[in-house]
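Any read-out appearing in this document is the output of simple, stated calculations on the displayed coordinates, not a laboratory observation. The structure displayed is predicted, hence computed values, not measured ones. Neighbour counts are summed over all protein chains in view; Cβ atoms, including those assigned to glycine, are modelled from backbone coordinates with ideal geometry.
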Amino acid sequence: MENARHPRCARHRFPADAISYAIWLYFRIPLSLRLVEAMLAARGILISQESVRQWPLKFGPGFANQIRRRLPAPGDKWCLDGVIAKSFQGPTLRILRLSPVP
């Protein structure tokens, strides 16, 4: 069975999963290009630093649009629950939970 490749990744040597993981590391976690290269090398994907530099330039806008589509809309309603836990000897703890309203 053939591996299905994303059309934008068709001319690239690496699968779309590896490219998207590198872009995710670069944008979501503030890592340098060398650290992204090292983290991919730890997973067995040997790439050059130049490839890591070029991928966010080419695929970054599409990746950002995907993230924006998954964000909740401004009109969504949320519920904030809070509990205060008191102990006899320790500090008072305040526990807050934010959950979406169905």
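Worth a mention:
- Using a Förster distance of 30 Å, the FRET efficiency for Phe27-Arg94 (Cβ separation, nearest 0.05): 0.35
- Prolate/oblate/rounded label for segment 7-70 (Cα gyration tensor, a/c 1.5): oblate
- Peptides 95-101, 59-65, 41-47 ordered by average Cβ neighbours within 10 Å, highest first: 59-65, 41-47, 95-101
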